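Report on the following structure.
What follows is calculated from the coordinates using simple rules that are stated; it is not laboratory data. Not measured: the values here are computed from a predicted model. Note that each Cβ is placed from the backbone with ideal geometry, even for glycine, and that neighbours are counted across all protein chains shown.
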Amino acid sequence: MTSRKIFLALSLFAFTLLVAATAQAETVTLTGGTVLRNGGDAAVNLVGTSGFSLSFSSGRNNPDNQNQFSGNTTIDASGSVSFNGITTNRFLASGSFTNNFITGMVTAFAPGGDPSTFRGETPIFTVNFTGTGFRTTTTNQGVIVTTFTVVAVPEPTTMLLLGTGLAGVAAKVRRRRKQ
């Protein structure tokens, strides 16, 4: 009976380790960069928190949907992705944007693998990215050109300014009460 409890406890421990080791997607806030869509082409240069950067060009995007982009380095894209000090040139990336918001995902694979497929490979990291900015659309010789520019939101600075302003108001109220 005791050996059965030990086996059950060890099995539960091993299962917990296995679940904890499963790769999960990290979330990154974009701090700068652009996405340029020109017909079926896409040029992506994005940077974000945690050392994230994504840079690629791809010629296999849907020209009818200028608000989406994708790249697959086994098929059509060339570029690189970095996150937390790890850089690779093998990845799948996709995303979309509205007038003022961008979101997407990139799954990265180890350099040196089969250049024609990711089948059966474990990703070295997966990152979901989001950001704010603005979209512009023009026409160049009948081809729609859409650009999304990421604008960093200075959250810590905004909070510091708000806190300083509230402290000033509190000091003014306190001074009035003393008089």
Length added when fully stretched, GLU121-ARG177, from 0.36 nm per residue minus Cα-Cα: 13.3 nm
Convert each backbone phi in the stretch 115-126 into a coupling constant with the Karplus relation 6.51 cos²θ - 1.76 cosθ + 1.60 (shift: θ = phi - 60°), then list the ³J(HN,Hα) values in order as whole Hz, x for Gly and Pro. x, 9, 7, 10, 3, x, 8, 8, x, 7, 6, 10
Between the stretch 23-47 and the stretch 96-135, what is the C-alpha centre distance in whole Å? 8 Å
Taking a ≥ b ≥ c as the square roots of the eigenvalues of the Cα gyration tensor, with a/c under 1.5 meaning rounded and otherwise prolate when a/b exceeds b/c and oblate if not, the stretch 85-179 is oblate
What is the spin-label model distance, in nm, from THR27 to SER55 if the labels are put 7 Å beyond Cα along the C-beta direction? 2.8 nm
Other-chain or far-sequence residues with amide H under 5 Å of ALA25's (modelled H): none
If you plug each phi of the stretch 158-171 into the Karplus form 6.51 cos²θ - 1.76 cosθ + 1.60 with θ = phi - 60°, what whole-Hz ³J(HN,Hα) values come out, in order, with x for Gly and Pro? 4, 5, 5, 5, 4, x, 5, x, 5, 5, x, 5, 4, 5
Three-way shape label, the stretch 24-154, alpha-carbon gyration tensor, a/c 1.5: oblate
Tell me which residues come under 5 Å, amide H to amide H, from PHE125 once H is placed; ignore anything under 5 positions away on its chain. ALA108
Would you mind getting me the FRET efficiency between LEU166 and ASN100? Use the beta-carbon distance for r and R0 = 22 Å, nearest 0.05. 0.20
